[in-house]
1. Taking into account only those residues within the stretch 48-74 that are surrounded by 12 or more Cβ atoms within 10 Å (Cβ to Cβ) and under 19 Å from the mean Cα position of the chain (by Cα), which is farthest from Q109 (Cα to Cα)?
2. Taking A106 and the conditions (1) exposed (fewer than 14 other Cβ atoms within 10 Å of the Cβ); (2) in contact (Cβ under 8 Å) with a residue 12 or more places away in the chain, which numbered condition does it fall short on, given that it satisfies the others?
3. Give A90, A97 a once-over and let me know the one that is under 22 Å from V13 (Cα atoms) and in contact with a Ser or Thr (Cβ under 7 Å, 6 or more places away or on another chain).
4. Residues that are under 19 Å from M1 (Cβ atoms), not in a helix (DSSP H, G or I) and not hydrophobic (A, V, I, L, M, F, W, C): does the stretch 40-50 have at least one?
5. State all residues of the stretch 9-52 that are of a type outside the set (A, V, I, L, M), at pLDDT 90 or above and out of contact with any Gly (no Cβ under 7 Å at 6 or more places or on another chain); if no residue qualifies, say none.
6. Being in contact with a Ser or Thr (Cβ under 9 Å, 6 or more places away or on another chain) and over 22 Å from V13 (Cα atoms): is that true of S50 here?
7. Which one of these is of a type in the set (S, T, N, Q) and closer than 24 Å to P19 by Cβ: T100, T95?
8. Of the residues that sit in the stretch 17-47 and are within 22 Å of A110 (Cα to Cα) and either touching a His at 6+ places or on another chain (Cβ under 7 Å) or among the aliphatic types (A, V, I, L, M) (or both), which one is surrounded by the most Cβ atoms within 10 Å (Cβ to Cβ)?
Amino acid sequence: MLGGVTVYGLSVVAFAASPSFRLSLGLMSIVGLAHVSSYALVQTVIQTYSPSAFRGRTMAIFHMSTVVMTLGSMLAGTLAALVGARWALASMGATGALLTVMIGVALPQARRIR
């Protein structure tokens, strides 16, 4: 799960730096695969470790993440207006990958979730 999110962030950075259309298409395929696989794994882990009595509430909170994505999109748009789309995309991807690695280091028990 953490690896998938890290690959997602790093492939976004590589996409932002890509000078080639064909390479960009390949990188976006990797971005899509990493996103779908990590999202599915996160949902599986949440449902597996949630007590049955709280599973509905847990999933409702998980799906409220669309609000966070909207705020992130607003931040990305503002950043793109200030420094350009390529730099905004690269910085958001690098920040996501870095935060995921930091979570993996700071919370070693997160790496052991199976």
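1. It comes out as G72.
2. Result: A106 fails condition (2) only.
3. Numbers: A90 fails: in contact with a Ser or Thr (Cβ under 7 Å, 6 or more places away or on another chain).
Sole residue among the options that is under 22 Å from V13 (Cα atoms) and in contact with a Ser or Thr (Cβ under 7 Å, 6 or more places away or on another chain): A97.
4. Initial filter on the stretch 40-50 (under 19 Å from M1 (Cβ atoms)): 40-50.
Within this subset, residues satisfying the condition of being not in a helix (DSSP H, G or I) are 50.
Among the residues that remain, those that are also not hydrophobic (A, V, I, L, M, F, W, C) are: 50.
Scanning the stretch 40-50, I find at least one residue that is under 19 Å from M1 (Cβ atoms), not in a helix (DSSP H, G or I) and not hydrophobic (A, V, I, L, M, F, W, C), so the answer is yes.
5. First pass over the stretch 9-52, keeping only residues of a type outside the set (A, V, I, L, M): 9, 11, 15, 18-22, 24, 26, 29, 32, 35, 37-39, 43-44, 47-52.
Narrowing further to those that are at pLDDT 90 or above: 9, 11, 15, 18-22, 24, 26, 29, 32.
Within the stretch 9-52, S11, F15, S18, P19, S20, F21, R22, S24, G26, S29, G32 meet the criteria.
6. yes
7. So the residue among T100, T95 that is of a type in the set (S, T, N, Q) and closer than 24 Å to P19 by Cβ is T95.
8. The selected residue is A34.
The values are calculated or read from the model by the stated rules, or taken from the named source; none is laboratory data. No experiment lies behind these values; they were computed from the predicted model shown. Reconstructed Cβ throughout: ideal geometry from the backbone, glycine too, with neighbour counts over all protein chains shown.
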